[in-house]
1. Could you pull out every one of the strands (runs of 3 or more DSSP E) wholly within region 365-416 that has 2 or more residues that are within 17 Å of Leu339 (Cα to Cα) and touching a Lys or Arg at 6+ places or on another chain (Cβ under 9 Å)?
2. Among the numbered criteria (1) in a strand (DSSP E or B); (2) within 30 Å of Ala118 (Cβ to Cβ), which single criterion is violated by Ser85?
3. Write out, first by first residue and then by second, each pair whose Cβ atoms fall under 6 Å of each other, whose residues are 6+ apart or on separate chains, and whose first residue, in region 423-451, is within 12 Å of Ile385 (Cα to Cα) and touching a residue at least 60 places away in the same chain (Cβ under 8 Å) while the second is among the acidic types (Asp, Glu) and assigned to a loop (DSSP other than H, G, I, E, B).
4. Restricting to region 165-211, name every residue that is in contact (Cβ under 8 Å) with a residue 60 or more places away in the chain and either surrounded by fewer than 13 Cβ atoms within 10 Å (Cβ to Cβ) or not in a strand (DSSP E or B) (or both).
5. With Ile40, Ile75, Ile48, Ile99 as the choices, which residue is touching an Asp or Glu at 6+ places or on another chain (Cβ under 7 Å) and either touching a residue at least 12 places away in the same chain (Cβ under 8 Å) or over 27 Å from Met169 (Cα atoms) (or both)?
6. For region 543-562, does any single residue satisfy the condition of being at pLDDT 90 or above and under 30 Å from Val504 (Cα atoms)?
7. Tell me, yes or no, whether region 143-150 has at least one residue that is more than 24 Å from Lys30 (Cβ to Cβ), surrounded by 16 or more Cβ atoms within 10 Å (Cβ to Cβ), at pLDDT 75 or above and touching a Gly at 6+ places or on another chain (Cβ under 6 Å).
8. Between a residue in region 495-516 that is at negative phi and any residue that is among the basic types (Lys, Arg), which pairs come within a Cβ distance under 6 Å, given they are 6 or more apart or on different chains?
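The values are calculated or read from the model by the stated rules, or taken from the named source; none is laboratory data. Everything numeric in this text was worked out from a predicted model, so none of it was measured. As a convention, Cβ positions derive from the backbone with ideal geometry for all residues, glycine included, and neighbour counts pool all protein chains shown.
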Amino acid sequence: MQVHPNGIRHIREDGRINEWRTPGKRTIVKVGSNRLQVVIALSGGELIYFEVDVTGQLMEVEKHEMSGDVACLDIAPVPEGRQRSRFLAVGSYDNTIRILSLDPDDCMQILSVQSVSAPPESLLFLESGVLFRTVVDMVTGQLSDSRSRFLGLRAPKLFSVIVRGRRAMLCLSSRPWLGYIHQGHFLLTPLSYETLEFAASFSSDQCAEGVVAVAGDALRIFTIERLGETFNETAIPLRYTPRKFVLQPKKKLLVIIESDQGAYTAEEREAAKRECFEAAGMGENGSANADQMENGGEDEDKDDPLSDEQYGYPKTESEKWVSCIRVLDPRTASTTCLLELQDNEAAFSVCTVNFHDKEHGTLLAVGTAKGLQFWPKRSLIAGFIHIYKFVDDGRTLELLHKTQVEGVPLALCQFQGRLLAGIGSVLRLYDLGKKRLLRKCENKLFPNTIVSIHTYRDRIYVGDIQESFHFCKYRRDENQLYIFADDCVPRWLTASYHIDFDTVAGADKFGNVYFVRLPQDVSDEIEEDPTGGKINLHKASLIPGGGECIIYGTVMGSLGALLPFTSRDDVDFFSHLEMHLRQDHPPLCGRDHMAYRSAYFPVKDVIDGDLCEQFPTLPLDMQRKIADELDRTPGEILKKLEEVRNKII
């Protein structure tokens with residue numbers, strides 16, 4: 001069936017063609033269909049309903065005059081075992097969506113009306129870029145459980161596609177979104193693809209379930225994979241283990257430091273591999289029969305029989321370190337600069353810094369150690385702080401000078417046009433000199449080893465490897481760094497992040513995430529301006545219109561998010577939901593959930609989102625029991641969970 005502005009062309013299986021023409025000078029502006037029903041909207045607001053009869057002929061059934069032009073319409077798919085779908089949804093420019101009946105007894109009768117805040121662009125979508133989803137009662141046709149979500153700045157468009165044999169919707173706004181059913185739940189996930197204009201389902205022998213779409217002046221055909229996953233990742237191979245990275249502010253390039261202990265350099269690995277191949281009488285490509293491989297061997301993955309990724313990287317004596325500094329363009333996944341460190345040096349810290357001297361602009365500071373050993377006791381030959389200049393529009397590094405220090409600089413940070421360095425247990429402030437960094441002041445009162453430094457105004461937040469956080473202050477008139485507060489709980493710090501003027505977030509090596517906040521009265525006593533503690537930093541969100549959250553990663557490769565609640569009602573609701581789930585849905589192995597979350601420190605003021613997300617998996621009678629205890633319905637609880645989830649992803 002082909003629909004064009006002047007009519008409908010119905011092509012039968014035997015090749016016969018039936019034509020239906022629009023009356024007068026009216027044209028078709030919108031159309032909705034499934035495999036047995038078609039509804040068209042003419043200019044002026046008239047709806048005409050067609051059905052396919054038992055002989056395969058397209059028959060006109062009913063007409064209905066709307067109050068104005070139709071903005072969008074759609075018909076639900078035909079349920080299994082039925083001859084027709086009962087409901088038609090029509091969006092109008094008067095900011096309403098109407099559900100009409102297609103049943104022969106009350107055909108084209110309005111069953112329910114839903115008001116929206118803007119004229120619908122596609123069915124259940126608004127021109128403001130907001131998705132508006134409503135549940136239709138399959139018996140009465142009434143609308144209920146309305147939910148909205150911001151998708152982008154462009155007016156969205158809705159297209160029906162097939163995913164895993166089931167109907168799904170593709171939403172095209174500033175970026176494409178896919179709405180589908182996964183494990184019994186409706187998910188709306190952004191696609192890692194460029195902006196699309198139009199889309200439709202596509203199926204062929206090579207692509208069973210695909211999508212054909214228009215992107216600019218190109219026609220693209222692609223498939224949707226890895227359903228149910230929250231994030232999309234791209235693996236970029238590196239030489240050594242990445243330790244830290246910073247963002248080059250001008251061109252948004254990544255500067256990564258990599259280092260390994262007891263390993264060979266990339267050149268030494270390739271040389272050793274060639275010697276091994278030559279000793280075995282094999283070619284450089286690692287195959288005894290190179291001609292066979294060049295002519296198309298049976299397995300292309302066997303080109304390198306000694307792949308480091310498969311068998312592991314060769315090891316050497318523990319006294320040897322290998323390290324490099326890489327400038328990476330994340331948009332193209334290409335390396336623009338790679339500096340290999342020599343003389344057994346290894347990089348451990350990195351930061352960008354703007355000194356008072358504006359001659360060089362933004363510089364890169366890298367902290368390294370030479371000959372570092374951990375056994376039988378910790379020792380090193382020397383530590384260094386390298387200062388690099390960005391050249392070639394930020395794509396290449398040029399060494400200005402390196403300054404020798406007495407310890408390993410594990411933390412570097414810019415501070416008021418100077419460089420703060422954590423060297424062992426010493427916090428030191430440097431300024432830029434012609435041939436080396438110039439020492440300005442220092443503080444030697446930290447208990448163990450400084451591993452992180454964050455700054456805001458004249459405050460410095462120092463993380464100790466064993467004693468958690470220390471709050472410091474710099475007095476410019478006295479040129480002194482002094483500690484005025486510290487955490488009373490010893491924690492083995494592995495990661496930290498500055499939240500606001502009085503708050504710092506941290507994670508320790510036992511898997512705990514915690515927040516440390518300075519009491520307001522102490523903050524007011526320290527500051528000459530008592531309003532300084534009320535200034536907050538703005539953080540980016542993962543999606544447009546989403547909430548600000550803290551993202552953390554684990555050594556096992558997991559990603560998580562911590563979202564602050566904005567109201568006491570939400571805190572009370574999720575606290576009680578978590579309490580009921582602990583009691584009514586215990587872990588499979590019988591371990592107490594509270595004891596698990598409090599394995600090292602008592603859990604405090606943190607709701608377990610993973611536990612709350614298990615509510616939809618409970619039996620319906622248990623869902624109703626918990627909902628009754630909370631004076632809500634199961635649908636309201638599910639809606640609340642979805643609202644919080646949509647603030648993050």
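1. Because the criterion is at least 2 residues that are within 17 Å of Leu339 (Cα to Cα) and touching a Lys or Arg at 6+ places or on another chain (Cβ under 9 Å), the strands (runs of 3 or more DSSP E) in region 365-416 that meet it are 382-391, 396-405.
2. (1)
3. Within 6 Å, the pairs are Leu432/Asp357.
4. Scanning region 165-211 gives Ser174, Gly184.
5. Ile48
6. Checked region 543-562: no residue is at pLDDT 90 or above and under 30 Å from Val504 (Cα atoms).
7. Yes, that holds for at least one residue.
8. Close Cβ pairs (under 6 Å, with a partner that is among the basic types (Lys, Arg)) amount to Asp502/Arg517; Thr503/Arg517; Asp508/Arg491.
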